[in-house]
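Below you'll find the structure, written out as structure tokens, and then a few comments.
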Amino acid sequence: MNTLVIGSGGREAAIVKALAKSKHSEKIYILNGNDGVTEAECVTDIDVSDHQKIGEFARDNKIDWVFIGPEAPLSEGLTDTLEDDFGLKVFGPRKYEAQMESSKAFTKALMEKYDIPTATHKTFTSVEDSKTYLKTSDFPIVLKKDGLAAGKGVIIAHTLEEALDGVDALQTEGEELVIEEFLDGDEFSLMVFVNGDTFIPFNIIAQDHKRAYDGDKGPNTGGMGVYAPVDYIDQKYVDEAIEKIVKPTVDAMVSEGMNYFGVLYLGAIVTKDGVKTIEYNARLGDPEAQVLLDLMESDLLEVLMDLDKKQATELKFRDEYVVGVMLASKNYPGTPVLGSEVVIPESIQDDCIISALKRTGDTTFQTSGGRTVLVLGRGQTIEDAKTDAYNKVSQIEFENDAVFYRKDIGHRAF
């Protein structure tokens, strides 16, 4: 089978690696890819926003499956164009269904209508109304920008002053802002393959590290590290999430006339009142995908074919731990400083999932984005995997503070 992966980050590089392991895989293309992708042909002369040209490329190259990685093209209707105009098979929800991620207000309203556990919330379109509500609220409190924000549209405000500043940062007049209660507890990420009323949850969960700095301090990011599996969160809470959140959500989407086909990513939290929904995403998580797909033993193309036919399939994962440590450019998640040199020894490059590095030599790269590379460590215990990851990180050379990374990835597991 010929496949086309859409996207240029670490998640898409991990998808390519997983597809390359399939016995059904023939030719793999990635649009636009990055300098760390070696298992696919990078298509760099088509813009990801040019849906018609993508469709023409897929048609001309006899693509059997298109796998859309990032949220932006999903929310812009790339799936709709490829399916409707070119008759292609696409793994990734259509524009209406992608609102599960692209509109927090939409998803909150759905969960409220169908009594799916989540934080209590209110949605405002007026800046003044948002600020008035906050003046009578308890703290901490969470502000969520409606729409896509690359994981950076959330502010946890601990004081009224922080909250009012947060409104100014996230909301413009007429745009929706979701304000919700702060939930305290252990978070986890659960990926679910969905086709209409059929769903297949991953057998293992991952735990992302959203804050920029050690000790879960600093601003929210797209993710500074991740590990899987997460043993210290009891399986009963994962089962509860599937039974009380995922299944009702899938049923709700069907009831609302949605035909969801793709990954539904549940960000969940274990609270004193049970498991609740933090957020939904309409694609694999990044960096969760990098560790989960590394652990997956199932043939990804076979899984997609079974899911397409709504046939029962079991996902299998290697009995091991994987820890991923993200190296980010200076000033991230603000405006990153780019163009700094990073040296990655050839001996560890296979375990470095590149997101935003431009190759300048066999071992030399330049930073070209905020989150640059996720370094994977593996082991029979979480301790061994963490040690392996940081041993590899220590071999990477860079100029002074050109990049930074958290030194406590996986700390909740200990």
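The values are calculated or read from the model by the stated rules, or taken from the named source; none is laboratory data. Bear in mind the structure is a predicted one, so any value in this text is a computation, not a measurement. Because the Cβ atoms are built from the backbone with ideal geometry, glycine has one as well, and the counts that use them run over all protein chains shown.
Can you run down the residue pairs with Cβ atoms below 8 Å, 6 or more apart or on separate chains, where the first is in region 300-315 and aliphatic (A, V, I, L, M) and at pLDDT below 95 and the partner is outside any loop (DSSP other than H, G, I, E, B) and crowded, with 18+ Cβ neighbours inside 10 Å?
A312/D306
From the list K392, K358, which one is buried (at least 16 other Cβ atoms within 10 Å of the Cβ), over 20 Å from I15 (Cα atoms) and not hydrophobic (A, V, I, L, M, F, W, C)? Explain how you work it out, then say what you get.
Values: K358 fails: over 20 Å from I15 (Cα atoms).
So the residue among K392, K358 that is buried (at least 16 other Cβ atoms within 10 Å of the Cβ), over 20 Å from I15 (Cα atoms) and not hydrophobic (A, V, I, L, M, F, W, C) is K392.
Scan region 369-388 and tell me whether some residue there is without any contact (Cβ under 8 Å) to a residue 24 or more places away in the chain and more than 14 Å from V325 (Cα to Cα). Steps first, answer last, please.
First, pick out the residues of region 369-388 that are without any contact (Cβ under 8 Å) to a residue 24 or more places away in the chain: 387.
Checking which are more than 14 Å from V325 (Cα to Cα) leaves us with none.
No, because not a single residue in region 369-388 is without any contact (Cβ under 8 Å) to a residue 24 or more places away in the chain and more than 14 Å from V325 (Cα to Cα).
Got a sec? Which of E256, E288 is more than 25 Å from G10 (Cα to Cα) and touching a residue at least 24 places away in the same chain (Cβ under 8 Å)? Quick ask: steps written out before the conclusion?
Working: E288 fails: more than 25 Å from G10 (Cα to Cα).
Exactly one of E256, E288 is more than 25 Å from G10 (Cα to Cα) and touching a residue at least 24 places away in the same chain (Cβ under 8 Å), namely E256.
Within region 93-111, can one find any residue that is over 23 Å from the mean Cα position of the chain (by Cα) and surrounded by fewer than 23 Cβ atoms within 10 Å (Cβ to Cβ)? If you could, list the steps in order and put the result at the bottom.
Our first condition is that a residue be over 23 Å from the mean Cα position of the chain (by Cα); within region 93-111, this holds for none.
Checked region 93-111: no residue is over 23 Å from the mean Cα position of the chain (by Cα) and surrounded by fewer than 23 Cβ atoms within 10 Å (Cβ to Cβ).
Look through I30, I54, I63 and report the one residue that is in contact (Cβ under 8 Å) with a residue 60 or more places away in the chain and within 24 Å of L19 (Cα to Cα). Quick ask: steps written out before the conclusion?
Details: I30 fails: in contact (Cβ under 8 Å) with a residue 60 or more places away in the chain; I54 fails: in contact (Cβ under 8 Å) with a residue 60 or more places away in the chain.
Checking each option against the conditions leaves just I63.
Tell me, yes or no, whether region 330-353 has at least one residue that is over 22 Å from the mean Cα position of the chain (by Cα), crowded, with 19+ Cβ neighbours inside 10 Å and either under 23 Å from G7 (Cβ atoms) or not assigned by TED's automatic domain parsing to the domain that holds V403 (or both).
yes
If I ask for residues that are over 21 Å from T221 (Cα atoms), among the hydrophobic types (A, V, I, L, M, F, W, C) and in a loop (DSSP other than H, G, I, E, B), which ones from region 395-414 would you list?
Result: I396, F414.
Scan G369, G377 and give me the residue that is among the small types (G, A, S), crowded, with 16+ Cβ neighbours inside 10 Å and over 18 Å from H209 (Cβ atoms). Can you show your working first?
On the way: G377 fails: over 18 Å from H209 (Cβ atoms).
Going through G369, G377 in turn, the sole match is G369.
Spot the failing condition for A289; the list is (1) closer than 17 Å to G222 by Cβ; (2) in a loop (DSSP other than H, G, I, E, B), and only one is missed.
Evaluating A289 over (1) closer than 17 Å to G222 by Cβ; (2) in a loop (DSSP other than H, G, I, E, B) leaves (2) as the failure.
Could you list, ordered by first residue, the pairs with Cβ atoms under 6 Å in which the first is in region 118-130 and closer than 18 Å to D168 by Cβ and the second is buried (at least 17 other Cβ atoms within 10 Å of the Cβ) and hydroxyl-bearing (S, T, Y), at least 6 apart or interchain?
Within 6 Å, the pairs are F124/S130.
Which residue out of V250, V238, V270, V246 is aliphatic (A, V, I, L, M), part of a strand (DSSP E or B) and not assigned by TED's automatic domain parsing to the domain that holds V16? Steps first, answer last, please.
Numbers: V250 fails: part of a strand (DSSP E or B); V238 fails: part of a strand (DSSP E or B); V246 fails: part of a strand (DSSP E or B).
It is V270.
Being more than 27 Å from S75 (Cα to Cα) and aliphatic (A, V, I, L, M): is that true of L295 here?
Numbers: more than 27 Å from S75 (Cα to Cα): yes; aliphatic (A, V, I, L, M): yes.
The answer is yes for L295.
Here is a check on your reading of the model: is V291 in the same structural domain as R406 (by TED's automatic domain parsing) and among the hydrophobic types (A, V, I, L, M, F, W, C)?
On the way: in the same structural domain as R406 (by TED's automatic domain parsing): no; among the hydrophobic types (A, V, I, L, M, F, W, C): yes.
Judged against the criteria, V291 is not a match.
Filter region 89-119 for residues that are acidic (D, E) and assigned to a loop (DSSP other than H, G, I, E, B); which is nearest to A58 (Cα to Cα)?
So the first thing to find is which residues in region 89-119 are acidic (D, E), and the list is 97, 101, 112, 115.
Filter again for assigned to a loop (DSSP other than H, G, I, E, B), leaving 97, 115.
Numbers: E97: 23, D115: 41 Å.
Applying the filter and picking the extreme gives E97.
Need at least 1 residues that are over 20 Å from T372 (Cα atoms) and aromatic (F, W, Y) per element, so show me which helices (runs of 4 or more DSSP H) inside region 1-80 make the cut, counting only ones lying wholly within it. Before you say what the answer is, go through the steps one by one.
Values: elements: 10-20, 51-60, 71-75.
Those helices (runs of 4 or more DSSP H) span 51-60.
Any residue at all in region 37-54 that is closer than 24 Å to I278 by Cβ and surrounded by 18 or more Cβ atoms within 10 Å (Cβ to Cβ)?
No, every residue in region 37-54 fails to be closer than 24 Å to I278 by Cβ and surrounded by 18 or more Cβ atoms within 10 Å (Cβ to Cβ).
Pick from region 131-157 the residues that are within 17 Å of G174 (Cβ to Cβ), of a type in the set (K, R) and within 23 Å of the chain's Cα centre (by Cα): which of them is surrounded by the fewest Cβ atoms within 10 Å (Cβ to Cβ)?
Among residues in region 131-157 that are within 17 Å of G174 (Cβ to Cβ), of a type in the set (K, R) and within 23 Å of the chain's Cα centre (by Cα), the one surrounded by the fewest Cβ atoms within 10 Å (Cβ to Cβ) is K145.
Consider F57 against the criteria (1) under 24 Å from G267 (Cα atoms); (2) out of contact with any Asp or Glu (no Cβ under 9 Å at 6 or more places or on another chain): it satisfies all of them except one. Which criterion is unmet?
(1)
So in region 240-277, with the set limited to residues that are surrounded by 22 or more Cβ atoms within 10 Å (Cβ to Cβ) and small (G, A, S), which one is nearest to H121 (Cα to Cα)?
A268
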